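One structure is given here, and the rest of the page talks about it.
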Amino acid sequence: MNSTTVLEVRDLVVKFRLRGRVLTAIRGASLELYEGEALAIVGESGSGKSVFTKTFIGMLDQNGWVDSGSIDFEGRDLTRQRTEGEWMGLRGRKIAMVFQDPMTSLNPLVPVGRQIGEVLTLHKGMTKDQARSAVVELLDRVGIPEPASRSRQLPHEYSGGMRQRAVIAMAIAAGPRILICDEPTTALDVTIQAQILKLVKALQKDFGFTTIYITHDLGVVANVADRVAVMYAGKIVETGTAEEIFYDARHPYTWALLSSLPQLGVKGQNLYSIAGTPPNLFNEIKGDAFAPRNPRAQKIDFEYEPPMFEVSPTHHAATWLLDPRSPKVDPPPAIQAMRARYQGRAS
Amino acid sequence: MKAVSFQIYKGETFGLVGESGSGKTTIGRAIIRINEASGGQILFRGKRIDGRIEAALDRELIQGIQMIFQDPLSSLNERAKVDYIVSEGLYQTKPGLSGAQRLSIVEKALLEVGLLPEFASRFPHEFSGGQRQRIGIARSLVMEPELIIADEPISALDVSIRAQVLNLLSRLQKEKGLTYLFIAHDLSVVRFISDRIAVINRGELVELADSEELFTRPLHPYTRALLSAIPIPDPIQERNKEILIYDPSCHDYSKEKPAWREAMRGHWVLANGQEVDSYLKLAPIPATEQT
Amino acid sequence: MMRAPDAEAMKAIDSRLFEFADYDASAGERAGYSNYSYWRSTLGMFLAKRSSRLFLWMLGILLLFTFVQPFLPGQRDPTTIFNDPATGMQYRNVPPGGQFWLGTNSIGQDLWARIWSGTRTSLLIGLSVGLAEMLIGIAFGALWGYVRRLDRVMTEIYNVLDNIPTTVLLMLLAYIMKPSFQTMVIAMCSVGWLGLARFVRNQIVIIRDREYNLASRCLGTPTRRIIAKNLLPYLVSVIMLQTALSIPGTIGWEVFLTYIGLGLPVSIPSLGNLVNEGRMIMMSEELRYQLIFPTVLLSIITISFYVLGNAFSDASDPRNHT
Amino acid sequence: MLRYAFKRLSQSLVTLFIVVSFVFLLMRLLPIEGYFGDRFQKMSKEAIQAGLQKMGLLDPWYQQLGHFYSDLLRGDLGVSNIYRRDVPITKILAPRIPYSVGFGLVAVVVAMSVGLTMGVSMAKHKDRIQDRLGTFYIVFAHAVPLAVYLLFVQLYGTSLFKLPLLFDKYQPLSWILPGISMSLNGIAFYAMWMRRYMVDELSKDYVKLARAKGLSSGAIMVRHVMRNAYVPMAQYLPAAILTTIGGSIYIESLYSIPGMGGLLVDVIQRQDNTMVQALVLIFSSIGILGLFLGDLLMAFFDPRIRLVKGEGSR
């Protein structure tokens, strides 16, 4: 893996004002993104994973702002960009985004080809005619049959999977360095989902961009990600290579996410489950945000926020369990089984 | 919807899997009589329950068959308190109850689904998705049904909540001897919870078998494609897996029409005779067993 | 760079803290509690706006005064023609101030008394029309929306009535019947319920197939209780809004019909009659007060109803609640 | 598109037929003195009966309806009873149509162009001064009855700007006040809905994606949002035409414009039944025409509309 850093986020804090109250959506998240890799940010709804990536292209909602921290990209600190003009050179051109729902993310009244063409005329300075033929090529590349006639159709004449392909074509049109896919397949059927993921992987190989996947589904992650970052309550709680996260997770929240997957469950036995719901981000969080839902929480979890402990040079986790003074806690059986299987395969 | 037949046995969990638009929800709603079936028969405890039925049978069915809905946001009446929502069915089945009796039933049901009795006096607005879904489960539990139709009960929930609800459903089944018709699009969930699974594609059942049988020996190409697409939370396996794509034109039905055939004991498939033979010959070893 | 644990600070932490804490599974369940009540929030949101409080006070005082005014001391009769005892002549067009607070009209009637009497009449028309429209609109709309078999017929009826310009239909009805209080109310009801009926129908169609209604049907809840418990509570705010808006509308129609000559007889003071009387003499500057006073009061009333109705409908939308 | 237009046209014709018949039958309830005018007081019962007989008003209703339609097809709307006795109504109406149509069109065009622009600017500067002023105007125009605030337009238009009080076709200055009066309500109406649709559209996902593509907010407004917001606006065209008709009746009469609206007020005041009937039918037909045009416009802008009905859902 290439280890040049493309994007580096340090101690990012994002806040929102909602009906007179202030909510801290991102509570000091740090992350590095390496050239050419596929990074997956995993977390459930409300964990802040979408908000986090939106700050990379300056698309926070009106009532939100970056409170502190930095995002370094190509020698600039993106958190200091204020004007539309500064962002416009970046959005779609250097960093592109694919959204969750292909049904609503295309303008229903503008032909698909024209919507893709906009990117080309805008960022690549093409004329309309040049753009038109380039669009057909792009559509062909993302696997849309009869691209020439399809490009003149309106989105409602496309199926869900085809629309997502068109959105992907739009995102890669300007040859971005980073492609952010925000839950790109949640709205699609499983069979289509697999095809779309395969397509993005192939495009990444061809075009050489760096991909960030945002998802709540660890199953999807295993397929596409080189590296995984797990997010909980506005913080990154564990990062590592896909192998490290799946076979050697250290944070109890990662354990919970993994072992609650029915694929790993044993029929007739209860799935490992975590009680309760994620914390309310309006409130001040003291200590480890996951502690109230963690049956094996220690007293220190309620007092001090755990730092990022290093497990290996590529693997870090923020849990007091990694402190040598902590009592030993075994991961849930499903995690142990995964690890055993992996070790068995390796030997 | 085309003609579809299957049986659900007492005490089992029958999984019905299909992609969006396959008609799986329509089947569930026809059984609970929200949608009318335009042909065919639906039998419950050996009695026909589609079309016009007597008032006594109607009451029996309302009590005997209940439903859990997909969307925890829209399946609870926002303007009513949990108390009323959970006890709504009792007004029909046990009209004579006093307010205090009703409340005690409600509190018991809430406890059973892992909620606190004090929630009875609150509005649905105050609860998280997982809690709301459990309120929905409590609502059907007070009817003491025999069959529960669960229509995508966890697909709208957060990942960390899904396991709670699945565990709850299994526990209730054990404790109360419930029968489930579990409708979902996610095969891995259905495999985990179901005893038998039926696969539906474009309004037609294409395959039905015990769930482990179906996973180890999928026959119909559509089922095989579906199975191959399930994401596996294991990077090495997942990266090497092969995805099959189902092409509806792969069938040659010019000579012989397909029929619903029992290819092996308890393993049904929609195919013609020639296809059944070739499927059985293939009898693929599924990806999940390669490890 | 990942942050490495700061060795010094780490050591300082009391090692006794590295013990398991007590775990309370129900603590997680309690997290969501917010003590929310729909109506309390609606009222709260409604009153939180300064403009709604202002208009609410204004309208409240105005309405109170309108109905209390005849019982106050020193009030004159609105229809009596006053003569100057010195000359025996009528007090024609006496300017505001002194004896007649708001002056008199062209035949010597007290404008102050006439304005309040007119407001009473117009509000009475407005309220009765609003109430009747509400009943007809809800009944028609509920049947139209909930009973699928009636949909075709009722849509057709609606289309026919909706295709005739309201103004024209209203004029026609008022023309067929003889001018009177009842005529006004009946004619306005006949055209005014349409909007509400369609509104209720659309709302019911939207709500009808929501999953919680399906759930109620699965539980065997009878239709009347579904309507009472599941549908109407969602519609109350909409209905109140529409009714609130129908009052300024009705007052407008009354002014219009009076202008055409199909309004109330001149002997019954109403805002429509007063505006119309004022209109005839509005071109002479010194008499213009006879138009200004009634229109100012009329505008305050209609704007208040309009603003309050909209503020209430905003406040009743649960998406706006905290 | 053509097929949709044809289908929609036939629907409109059916509605027109029902509306016309309904209005015609409603007309049978008109007070009978309206067929005779001043003579009515002096006439004997027999004479009245004879008169009604002669006009065919004592025939069974279906025969009357039949006669009415066969006359209508020949372009005959009957004769006036009182307004200009025994003159064919078509002759009375003919010179008046250009005034009504002219003012009506001007009103709709002005209301649309000003109202839409205002709505766009309000949405663009949401919660700022433009939006607040616009909202103030909209509340005023909706809450204060037309019949009241138009009086003040006339009053201050004449006293402050020295514009003519009454319409005179030879004096273009006298066209200004009625023209403005007719558009005021429409402007408020269009501005309100345009603002609402723009705000709706702005919160949609495709706008997010367009921003993520790197389009400037100006380009998004023009190329995506405005275009899409115009589509639902098309459905308000008919309503605007309907209210313009309503307003024109009052305004034409207020400024003594020799159009059909002012005439309707006149003949109602003078109780000329046949004239009332003819005018009501004409105004209703214009209403239906407006609805028809609105639907066509919608389908023109949004191709999904003509497809959905023909092919079922997806």
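Answer yes or no: is there a residue in segment C:65-74 that is modelled with pLDDT under 85 and open to solvent by 70 Å² or more (accessible area, probe 1.4 Å).
There is at least one residue in segment C:65-74 that is modelled with pLDDT under 85 and open to solvent by 70 Å² or more (accessible area, probe 1.4 Å).
Are any residues in segment C:187-238 away from chain B (no Cβ under 14 Å) and either surrounded by fewer than 16 Cβ atoms within 10 Å (Cβ to Cβ) or within 26 Å of B:V82 (Cβ to Cβ) (or both), and if so, which ones? Give the derivation first.
Of the residues in segment C:187-238, the ones away from chain B (no Cβ under 14 Å) are C:187-202, C:204-205.
Correct list: C:N202, C:I204, C:V205.
All but one of (1) open to solvent by 20 Å² or more (accessible area, probe 1.4 Å); (2) in a loop (DSSP other than H, G, I, E, B) hold for A:V13; state the number of the condition that does not hold.
(2)
I'd like the residue in segment A:99-145 that is within 24 Å of D:V231 (Cβ to Cβ) and hydroxyl-bearing (S, T, Y) and, out of all such residues, is least open to solvent (accessible area, probe 1.4 Å).
Checking each candidate, the answer is A:S105.
Quick check on segment A:295-322: of everything there that is more than 7 Å from chain C (Cβ to nearest Cβ) and part of a loop (DSSP other than H, G, I, E, B), which residue is most open to solvent (accessible area, probe 1.4 Å)?
Here the residue is A:P313.
Report every pair of residues separated by at least 6 positions or lying on different chains whose Cβ atoms are under 8 Å apart, first residue within segment D:148-176 and closer than 16 Å to C:Y259 by Cα and among the acidic types (D, E), second at pLDDT 90 or above and surrounded by 11 or more Cβ atoms within 10 Å (Cβ to Cβ).
Short answer, once both residue conditions are applied: none.
Among the listed residues D:S183, D:S100, D:S121, D:S70, identify the single one that is polar (S, T, N, Q), modelled with pLDDT under 90 and farther than 30 Å from D:G51 by Cα.
The unique qualifying residue is D:S100.
What number of residues within segment D:155-177 are in a helix (DSSP H, G or I), more than 7 Å from every other protein chain (Cβ to nearest Cβ) and out of contact with any helix residue (DSSP H, G or I) (no Cβ under 6 Å at 6 or more places or on another chain)?
Taking segment D:155-177 as the starting set, the residues that turn out to be in a helix (DSSP H, G or I) are D:155-161, D:172-177.
Imposing the further condition that a residue be more than 7 Å from every other protein chain (Cβ to nearest Cβ) reduces the set to D:156-161, D:172-177.
Still in the running and out of contact with any helix residue (DSSP H, G or I) (no Cβ under 6 Å at 6 or more places or on another chain): D:156, D:158-161, D:172-176.
So the answer is 10.
Output the residues belonging to segment C:239-256 that are within 9 Å of another protein chain (Cβ to nearest Cβ) and of a type in the set (A, V, I, L, M, F, W, C).
Taking segment C:239-256 first, the residues within 9 Å of another protein chain (Cβ to nearest Cβ) are C:245, C:248-249, C:251-256.
Of everything in segment C:239-256, those that are within 9 Å of another protein chain (Cβ to nearest Cβ) and of a type in the set (A, V, I, L, M, F, W, C) turn out to be C:L245, C:I251, C:W253, C:V255, C:F256.
Condition first: out of contact with any helix residue (DSSP H, G or I) (no Cβ under 6 Å at 6 or more places or on another chain) and open to solvent by less than 10 Å² (accessible area, probe 1.4 Å). Now tell me which residues in segment A:156-167 satisfy that.
Listed by number, the residues that qualify are A:Y158, A:V167.
Pick from C:L150, C:L111, C:L102: which is away from chain D (no Cβ under 14 Å) and open to solvent by 50 Å² or more (accessible area, probe 1.4 Å)?
It is C:L150.
Limited to segment C:162-184, what total is found for residues that are open to solvent by less than 40 Å² (accessible area, probe 1.4 Å), within 11 Å of chain D (Cβ to nearest Cβ) and in a helix (DSSP H, G or I)?
Going through segment C:162-184 one residue at a time, the tally reaches 11.
Would it be correct to say that B:Q63 is of a type in the set (S, T, N, Q) and in contact with a Pro (Cβ under 9 Å, 6 or more places away or on another chain)?
For B:Q63, the condition - of a type in the set (S, T, N, Q) and in contact with a Pro (Cβ under 9 Å, 6 or more places away or on another chain) - is met.
Inspect segment D:196-208 for any residue being out of contact with any Pro (no Cβ under 6 Å at 6 or more places or on another chain), surrounded by fewer than 24 Cβ atoms within 10 Å (Cβ to Cβ) and away from chain A (no Cβ under 14 Å) and give the result as yes or no.
Yes.
Quick one: how many residues across segment A:190-216 are part of a helix (DSSP H, G or I) and out of contact with any strand residue (DSSP E or B) (no Cβ under 7 Å at 6 or more places or on another chain)?
Looking only at segment A:190-216, we keep the residues that are part of a helix (DSSP H, G or I), and these are A:190-207.
Still in the list and also out of contact with any strand residue (DSSP E or B) (no Cβ under 7 Å at 6 or more places or on another chain): A:190-199, A:201-203, A:205-207.
Counting residues in segment A:190-216 that are part of a helix (DSSP H, G or I) and out of contact with any strand residue (DSSP E or B) (no Cβ under 7 Å at 6 or more places or on another chain) gives 16.
Residues that are in a helix (DSSP H, G or I) and more than 27 Å from D:I288 (Cα to Cα): does segment C:185-193 have at least one? Lay out the reasoning, then the answer.
Of segment C:185-193, the ones in a helix (DSSP H, G or I) are C:185-193.
Next cut, more than 27 Å from D:I288 (Cα to Cα) only: none.
No, the conditions are met nowhere in segment C:185-193.
Considering segment B:4-24 alone, what residues qualify as being open to solvent by 10 Å² or more (accessible area, probe 1.4 Å) and either in contact with a Gly (Cβ under 6 Å, 6 or more places away or on another chain) or within 14 Å of chain A (Cβ to nearest Cβ) (or both)?
Our first condition is that a residue be open to solvent by 10 Å² or more (accessible area, probe 1.4 Å); within segment B:4-24, this holds for B:4-12, B:19-21, B:23-24.
Of everything in segment B:4-24, those that are open to solvent by 10 Å² or more (accessible area, probe 1.4 Å) and either in contact with a Gly (Cβ under 6 Å, 6 or more places away or on another chain) or within 14 Å of chain A (Cβ to nearest Cβ) (or both) turn out to be B:G11, B:E12, B:E19, B:S20, B:G21, B:G23, B:K24.
Among the candidates A:A148, A:A96, A:A187, which residue alone is surrounded by fewer than 21 Cβ atoms within 10 Å (Cβ to Cβ), in contact with a helix residue (DSSP H, G or I) (Cβ under 9 Å, 6 or more places away or on another chain), in the same structural domain as A:L203 (by TED's automatic domain parsing) and not in a helix (DSSP H, G or I)?
Answer to the selection: A:A187.
Checking C:N159 against (1) buried (at least 19 other Cβ atoms within 10 Å of the Cβ); (2) in contact with a Ser or Thr (Cβ under 8 Å, 6 or more places away or on another chain): exactly one of these is not met. Which one?
(1)
Could you say whether any residue in segment B:48-60 is among the charged types (D, E, K, R), facing chain C (nearest Cβ under 9 Å) and not in a loop (DSSP other than H, G, I, E, B)?
Scanning segment B:48-60 turns up at least one residue that is among the charged types (D, E, K, R), facing chain C (nearest Cβ under 9 Å) and not in a loop (DSSP other than H, G, I, E, B).
Quick one: count up the residues across segment A:132-159 that are on the phi < 0 side of the Ramachandran plot and more than 13 Å from every other protein chain (Cβ to nearest Cβ).
18
Restricting segment D:244-283 to residues that are at negative phi, polar (S, T, N, Q) and open to solvent by 10 Å² or more (accessible area, probe 1.4 Å), which is nearest to the chain's Cα centre (by Cα)?
Among those residues, the one meeting the criterion is D:T244.
How do the helices (runs of 4 or more DSSP H) wholly within segment D:1-97 filter down when requiring 2 or more residues that are open to solvent by less than 50 Å² (accessible area, probe 1.4 Å), within 19 Å of D:I288 (Cα to Cα) and touching a residue at least 24 places away in the same chain (Cβ under 8 Å): which remain?
D:2-27
From the list A:N270, A:N283, which residue is within 12 Å of chain C (Cβ to nearest Cβ), in a loop (DSSP other than H, G, I, E, B) and surrounded by fewer than 20 Cβ atoms within 10 Å (Cβ to Cβ)?
A:N283
Please name all residue pairs, on different chains or six or more residues apart, with Cβ atoms under 6 Å, provided the first residue is in segment C:40-64 and is under 20 Å from C:V236 (Cα atoms) and the second residue is in a loop (DSSP other than H, G, I, E, B) and open to solvent by less than 100 Å² (accessible area, probe 1.4 Å).
Taking only residues 6 or more apart or on different chains, the pairs are C:S41/C:H321; C:T42/C:S316.
Which of the residues spanning segment A:283-302 are under 11 Å from C:F20 (Cα atoms) and in contact with a Gly (Cβ under 7 Å, 6 or more places away or on another chain)?
Selection gives A:D301, A:F302.
The values are calculated or read from the model by the stated rules, or taken from the named source; none is laboratory data. Every value quoted in this text rests on a predicted model; they were computed, and no experiment measured them. Cβ coordinates were reconstructed from backbone atoms using ideal geometry, including for glycine residues, and neighbour counts include every protein chain displayed. Note: accessible area is taken over every heavy atom of the protein model, side chains too, but ligands, DNA and RNA are not part of it. Shrake-Rupley method; radii C 1.70, N 1.55, O 1.52, S 1.80 Å.
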